[in-house]
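Read through the structure below, which is laid out as structure tokens, and then see the notes.
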Amino acid sequence: MVEANDVTLEVEDLHTRIGVKGGEVRGVDGVSFVIRAREVFGIAGESGSGKSMTAFSIMRLLPLQGRIAGGRVRFKGEDITGASDQRMQDLRGDRIAMIFQDPMTSLNPVFTIGDQLSEPLRQHAGLNEAQAREKAIELLTRVGINDPAKRCNSYPHEFSGGMRQRVMIAMALACSPDLLIADEPTTALDVTIEKQILSLIEELRAGIGAAILLITHNLALLAEHCDRIAVMYAGQIVETASTDELLSNPLHPYTKALLGSMPRAHISKGRLKPITGLPPVITGERKGCAFAPRCPAKMASCETVEPAIREINAGHEVRCLLFEDRA
């Protein structure tokens, strides 16, 4: 059993709806998980599976058409599901930090890098302008930006993609958060920069003891850095297990399909197995298993019966009718 004071984030039966013409999309549909202190917890899945929407729901950064329709989000024991805008503003950037998928759209183009790094330090740490700038230079040095004093005066468009991502990590480091949410932090970066970025994220955990929620479609990346992994499909978690258990004993057909489509050194050319079809957009009531139309193990009942998530082995949960009698 996990002690309450060892839990950084607890998400319980979270439901998020996104308004569209004629109804609402089930962006997040009954998601539950716990992240312990100093743990790296990964969420995997294709684009559109609900990974980023889960992160935005936690941060309360939903689009105008979005709303949390049910469930609870607890941070360090505090229920922040219905927290005031001011309370969320106090938490964001201070105790909860986020690295967004696209740093170019997350950095303000009309303010210098130094100004944007200094803002959370002045707001949350109470530093004056000179102290905040000195700290900003220190942070840029820490994430490997050359000539940081000069670079503080640069604007985001003057940085490469990898450098902008380093700035986002510097912002995350600024106030020593308890939780870092990294949403596809290495998208569109080359392999060398990707490794450097992930090393910086690992340093955040080691240096200040942050818990990390790492979101990506790349299972290989999660395999290298995560303690536990959840696999999402159509707004739901379909499987959760320790990293070793998930990779050595995947149970859900979707998890198996993701692993089968992942390039690996020991698999020769032509052996990858793509997943046919596309992820669904769920509106209205669910009917049956969302993965059924693409599932090679589909049974007749999969079309009409929605599976519940069940613990099959210690710490290994799966949402699939194939395992209903094994729970």
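Data table
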item: Contact order relative to length of the chain, as percent, for alpha carbon pairs under 8 angstrom and 6 or more apart; result: 21
item: Space enclosed by the convex hull of the alpha-carbon atoms of region 1-51, per residue, Å³; result: 90
item: DSSP-defined beta bridges in region 182-268 - what % are antiparallel, rounded to 5; result: 75
item: Ordering of 208-215, 304-311 by burial proxy (mean other Cβ atoms within 10 Å per residue, highest first); result: 208-215, 304-311
item: Using alpha-carbon coordinates, inclination of helix 113-124 to the longest axis of the chain, degrees; result: 80
item: Net +/- balance of residues flanking ALA149 in space, Cβ distance below 13 Å, scoring K and R +1, D and E -1; result: +1
item: Cα principal axis extents for region 7-161, largest first, Å; result: 49, 34, 28
item: DSSP bridge orientation in the chain - percent antiparallel, rounded to nearest 5; result: 65
item: Interchain or long-range residues, amide H under 5 Å from ILE282's placed H; result: ARG26
item: Total formal charge among the other residues, if their Cβ is under 12 angstrom from that of MET104, Lys/Arg +1 and Asp/Glu -1; result: -1
item: Candidates per trypsin sites (Lys or Arg not before Pro) in region 18-86, loop by DSSP, up to 16 other Cβ within 10 Å; result: LYS21, ARG38
item: Å² of accessible area per residue within region 145-293, as computed with a 1.4 Å probe and no ligands counted; result: 44
item: Mean-position separation - Cα centroids, region 286-327 and region 14-53, in angstrom; result: 18
item: Whether the chain is rounded, prolate or oblate, judged on the alpha carbon gyration tensor where a/c under 1.5 counts as rounded; result: prolate
item: ³J(HN,Hα) computed for each position of region 46-54 - Karplus, 6.51 cos²θ - 1.76 cosθ + 1.60, integer Hz, glycine/proline x; result: 5, 4, x, 7, x, 4, 5, 5, 4
item: About the Cα centre, charge dipole magnitude for the chain (Lys/Arg +1, Asp/Glu -1 at Cβ), debye; result: 740
item: Percent carbon-and-sulfur accessible area, region 72-150, ignoring ligands, DNA and RNA, probe 1.4 Å; result: 45
item: Radius 15 Å from Cβ of GLY288, net charge of other residues (Lys, Arg +1; Asp, Glu -1); result: +1
item: Exceeding the 21 Å Cα-Cα cut-off - candidates LYS273/LYS298; LYS51/LYS298; LYS51/LYS256; result: LYS51/LYS298
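The values are calculated or read from the model by the stated rules, or taken from the named source; none is laboratory data. This is a predicted model, so every value here is computed, not measured. Counting neighbours? That spans all protein chains shown, and the Cβs are built from the backbone with ideal geometry, glycine included. Keep in mind that these areas ignore ligands, DNA and RNA; they rest on the heavy atoms of the full protein, side chains included. Shrake-Rupley method; radii C 1.70, N 1.55, O 1.52, S 1.80 Å.
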